[in-house]
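Here's a structure for you.
The values are calculated or read from the model by the stated rules, or taken from the named source; none is laboratory data. Just so you know, these numbers come straight off a predicted model, no measurement behind them. For neighbour counting, all protein chains shown are included, and Cβ atoms are generated from backbone atoms with ideal geometry for every residue, glycine included.
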Amino acid sequence: MPNYARFDGLDDFAQFYREEVAPTLRADADADIDPERETPTYAWLKRNYSGFVERLRREYDLSPGEFYDAVGLPPNSDDADDEWGIDHEPTIRGLEDYLEELERDRGRAPTTVGPRRSRLRTYVTTYYEVNETDDLLSPLLDETTKPDEIARVRDTFRVLDDELGTLASKKKYVSAVKNWYTFLEEMGRSLYNPAENLLNRFGWDEDPIYDHPALSRSDLSALLEAGNADERFLLLALAGWGLRPIEACELHVDQLVLDPEEGDVPYIEFEAGQRKNARRARNTVELLVGVEAVSDRIDTLAYNDEWTGYLLPGQSITRPMSTQTARRWFRDLGERADVDIDGTHPLPKMGRRTWYRLYRQQRPNIEAGTAAVAASQGSRDASVSERNYLDERTRRQARADAMRDLVQDEFADIFDEYL
């Protein structure tokens, strides 16, 4: 039985797939799949390698399809004619046009577009298998076919319901499909959206229980106590500031504004389009705890003449650490601190969830403040007012005002003790 928890990055999963999964798949006469050109069905992989599927989901938040995309499986899968698994050119063109708009016009990062592509490919190939047609566009231009097309989409998701597992994963797939159909409507290629009410009809409209829970105060305290200076700083960036793991690993001194203008708060600044979901994500992150720890860390790292400014340098001090290293740190730190969360070792994503749990508590207060500004300016849409009339400093200050007491009550005493 392989110990998937010991795999150090997706390369190890890919190697295991090629050396163990592919030969087993090739030898399975009932499967009738050539692993050089095809990947197994979800049901086959789950039946034969359930631990593999589960570890990908928990460790990397990846479905098997998203994993195949990330590591380039199968070996000959990059043939453009086979990329979508269907032959209907107008449908393929509609899919490609949507993804191109996401990346080029809406500023979505490749890390967002890639999984979206994978989910849409899973959807259209499943649709083809269930409904025996790869023309997903023609029914959308005829109102008389609307009831039948809604039923076809429903039947497709009935199959996906059995394969996707978690509620969070199902909601992601519905979102990807629904947004694609919305794009087609907006471009005049559809008269209606057959996925409009899928969440309600399947009972998936409740809040999902996310795969990665938050760290509790006791978890965070135990990890900080057992950690070294580097591990503690990573915990600060994730749980104290709410950075994504990749943002924490690649944090650079040039992004820090530790001495802002009077009335402002210290913050991290990202370039436009740099963050995931770039159009919607804010470009600055407030530092409400650990500011002195940042200054101390800069002073310590600056003693090395080869330091290039990364706050969490890798083995080569000139480059940032990788997210794979961050996961390994968390795993080892969890073992030393004897912290186990829902049957697994701590993950970097759990640190961000710790901060985000507090942010969600304060979101109504932040939105209420924005709505008040909108009302004073005669706008009925707070989001429009925030986007068009409030500068980033004003938005940052509003967030800091709403979050300050909560973050400091939750974190300040813990981090102050160890940083």
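Conditions (1) within 23 Å of residue 413 (Cα to Cα); (2) crowded, with 21+ Cβ neighbours inside 10 Å; (3) basic (Lys, Arg), marked per residue:
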position	(1), (2), (3)
246	no, no, no
254	no, no, no
258	yes, no, no
336	yes, no, yes
350	yes, yes, no
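Please work out if residue 244 is within 26 Å of the chain's Cα centre (by Cα), among the basic types (Lys, Arg) and within 13 Å of residue 294 (Cβ to Cβ).
No.
Taking the criterion of being of a type outside the set (Lys, Arg), buried (at least 16 other Cβ atoms within 10 Å of the Cβ) and over 29 Å from residue 244 (Cβ atoms), would at least one residue in region 112-125 satisfy it?
Yes, because at least one residue in region 112-125 is of a type outside the set (Lys, Arg), buried (at least 16 other Cβ atoms within 10 Å of the Cβ) and over 29 Å from residue 244 (Cβ atoms).
Conditions tested, residue by residue: (1) within 30 Å of residue 340 (Cα to Cα); (2) modelled with pLDDT of 90 or more; (3) assigned by TED's automatic domain parsing to the domain that holds residue 319.
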site: 166; (1), (2), (3): yes, no, no
site: 174; (1), (2), (3): no, yes, no
site: 179; (1), (2), (3): no, yes, no
site: 188; (1), (2), (3): no, yes, no
site: 222; (1), (2), (3): yes, yes, yes
site: 228; (1), (2), (3): yes, yes, yes
site: 232; (1), (2), (3): yes, yes, yes
site: 258; (1), (2), (3): no, yes, yes
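Which one of the conditions (1) more than 26 Å from residue 358 (Cβ to Cβ); (2) at pLDDT 90 or above; (3) of a type outside the set (Val, Ile, Thr); (4) loosely packed, with under 15 Cβ neighbours inside 10 Å does residue 315 fail to meet, given that it meets all the rest?
(2) is the only condition that residue 315 fails.
Every residue, every condition in (1) free of Cβ contacts under 8 Å to residues at least 40 places away in the same chain; (2) among the charged types (D, E, K, R); (3) within 30 Å of residue 270 (Cβ to Cβ), yes or no:
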position: 87; (1), (2), (3): no, yes, no
position: 90; (1), (2), (3): no, no, no
position: 93; (1), (2), (3): yes, yes, no
position: 99; (1), (2), (3): yes, no, yes
position: 117; (1), (2), (3): no, yes, yes
position: 123; (1), (2), (3): no, no, no
position: 126; (1), (2), (3): yes, no, no
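Across region 292-312, what is the number of residues that are small (Gly, Ala, Ser) and crowded, with 16+ Cβ neighbours inside 10 Å?
Final tally of qualifying residues: 2.
For residues that are closer than 19 Å to residue 197 by Cα and in a loop (DSSP other than H, G, I, E, B), tally how many sit in region 110-136.
Number satisfying all stated conditions: 1.
Can I ask one more? Criterion first (assigned to a loop (DSSP other than H, G, I, E, B), at pLDDT 80 or above, over 21 Å from residue 46 (Cβ atoms) and of a type in the set (A, V, I, L, M, F, W, C)) does residue 84 satisfy it?
yes
Please state which of the following conditions residue 350 fails to meet, knowing it meets all the rest: (1) in a helix (DSSP H, G or I); (2) at pLDDT below 90; (3) farther than 16 Å from residue 234 by Cα.
It is condition (3) that residue 350 fails.
Kindly indicate whether residue 273 is on the phi > 0 side of the Ramachandran plot and either in contact with a Leu (Cβ under 7 Å, 6 or more places away or on another chain) or modelled with pLDDT under 90 (or both).
In short, yes.
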